[in-house]
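Take a look at the structure below.
The values are calculated or read from the model by the stated rules, or taken from the named source; none is laboratory data. All of these numbers come straight from a predicted model, not from anything done at the bench. Every residue, glycine among them, receives a Cβ derived from its backbone with ideal geometry; neighbour counts consider all protein chains shown.
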Amino acid sequence: MFFFRTALLLLLGGLLALTVRAQPVVEQMAVRTLYESWQLPGGEAMGVVALGARQRLGEHASLGVDFFDAVRGNRGGFITLGMSGALDYPLGGRWAVESDLFIGAGSGNGGYELAGGGLMVRGSAGLRYGLTDKDALSFGLSGVAFPAGGTIHSAQLYAGYSRSFKVLMQSGQHVFGQTPWTDMDWTGYAPSRHEAGMLVGSIRVPANATRIGGGTQQDLRMMGIEWQTFADDSPVFLRFETAGAMGGSSAGYMHILVGAGVELPLYESLVAEAALNVGGGGGGGVRTGGGLLTAATLGLRLDVLDGWFVKASGGRFKAVQGELNGDEFTLVLGRHFAGAKRGEFRQQQPVLLVSHPLRLRVAQQTYTGLAPDWRSRPDREVANLGAAIDYFIDPRWFVSGQGMAAYAGEAGAFMTGLVGGGYRLPLAERLFVQGEMLLGAAGGGGINVGSGLVQQFNLSLGYRWTDSLSLMLTAGEARALNGPFRARVWGLALGYDFNLFTPGGAR
């Protein structure tokens, strides 16, 4: 198993190394979604939606992150996450052939017998048809397996949609503040603004709501993250949200939502928002049926500091095929990533580029129990696979969002979603240490996390392999704030440093 972990990280490192650039360039990205139906033992079928983002590597390859989420059947809350690599080759006209390999982990909603330890492998091959220069439809055949003791081995047809877009980025060491740049090739680039934030909230359910297995469903208390993107100076935005339960006796519940909305400025720094969302979720004994969820919200956003905002929202949350429904309330602390509007910069004109220093980490973590009742299944280590995205406020301090899922140790369905902060301290030219303090939601897989609210402390020793790649060894501790779960954390992570830029206007 150690060989598998190391080989996976080195493979991802080799692929990420292909993206190194010495100066800001316009890179092609894409978001994609697909639907397919997995055949489970006993004749059961589970409809699954995938959502992911990818970066183009060269002319024919791409690498990205994907979620798979049940939305039809009886397994709402069956969710996996992981890394995917893809190859495509044009056939002529608007047609192309495509292939894909996904390696990830997860499960949920009684899926231990289906997913075993949680490791998931999916491969596919098919055709893609370009509707426009940005939009494409695809269809083909895929195969899914859970090789760590799972019983899902399914082959099926898939249908998908993807949309490409351009970002301005530079691999390597972080840049802070504004940087003047000339001779930029803006071909295909359209300025946009983004918002990212940490959310906490609740879903208030009716008094007669029940749980899977009996009992009354309590109100859910949630923690998670959101991302919103606006095209140029449009008031319309697209959004992504993922959150997990940290209270309400529903540890293990998680949802993933995507949607669209519109904003309306009210007064100076005060803005109103309205959004419609759809997605999947469940687990933790919450009755979401097949997992398909909808949410309609109204909110107010207030800019409080340079680049930072707070937002309060309320609305209606509903499981289309299940009993979960109620009023949703959320609070968000977030940051704007805004740039110039389309008319404020031109080709060949000196431009001030606003830098957003980021680091992507692909991580493997192993939990070793420190309490006799830390899990309900046999006392053995649990291996997790996941990713983290870090935003550096300055060269040392950063904020982080992380997601992990079990892939070995008979804990399939265990997942965590954590947010927090960290500090990186250089020791030598290439050597550094960093510490992190994280808080979030976790559950599933027989891990006894109580209400689901967990904290984790990590200390890492890192070596900067190249200007953009670093390898980190991690030791730490994870524990539930109101449950018996307590475990030592041992980890190995590959970090990829890069900068996203937004044009700040003509110099």
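Some values worked out for this structure:
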read-out: Check on Leu453, among the hydrophobic types (A, V, I, L, M, F, W, C) and over 24 Å from Ser107 (Cα atoms); value: no
read-out: Search result, residues across region 403-434 that are closer than 28 Å to Asp379 by Cα and either surrounded by fewer than 16 Cβ atoms within 10 Å (Cβ to Cβ) or in contact with a Lys or Arg (Cβ under 8 Å, 6 or more places away or on another chain) (or both); value: Gly409, Glu410, Ala411
read-out: Failed item, numbered, when Leu238 is tested on (1) in contact (Cβ under 8 Å) with a residue 24 or more places away in the chain; (2) part of a strand (DSSP E or B); value: (1)
read-out: Check on Arg193, closer than 25 Å to Gly483 by Cα and out of contact with any Cys (no Cβ under 7 Å at 6 or more places or on another chain); value: no
read-out: Selection within region 20-38 - surrounded by fewer than 18 Cβ atoms within 10 Å (Cβ to Cβ), modelled with pLDDT under 85 and not hydrophobic (A, V, I, L, M, F, W, C); value: Arg21, Gln23, Gln28
read-out: Output for region 115-132, where each listed residue is surrounded by fewer than 17 Cβ atoms within 10 Å (Cβ to Cβ) and either within 30 Å of Gly409 (Cα to Cα) or touching a residue at least 60 places away in the same chain (Cβ under 8 Å) (or both); value: Val121, Gly123
read-out: Residue ID - surrounded by the most Cβ atoms within 10 Å (Cβ to Cβ), chosen from residues in region 280-328 that are among the aliphatic types (A, V, I, L, M) and not in a strand (DSSP E or B); value: Leu324
read-out: Scope region 361-384; condition part of a strand (DSSP E or B) and modelled with pLDDT under 90; matching residues; value: Arg375
read-out: Residue among Gly52, Gly126 that alone is modelled with pLDDT of 90 or more and under 13 Å from Tyr158 (Cα atoms); value: Gly126
read-out: Of all residues making up region 243-278, the number that are under 30 Å from Phe485 (Cα atoms), small (Gly, Ala, Ser) and part of a strand (DSSP E or B); value: 4
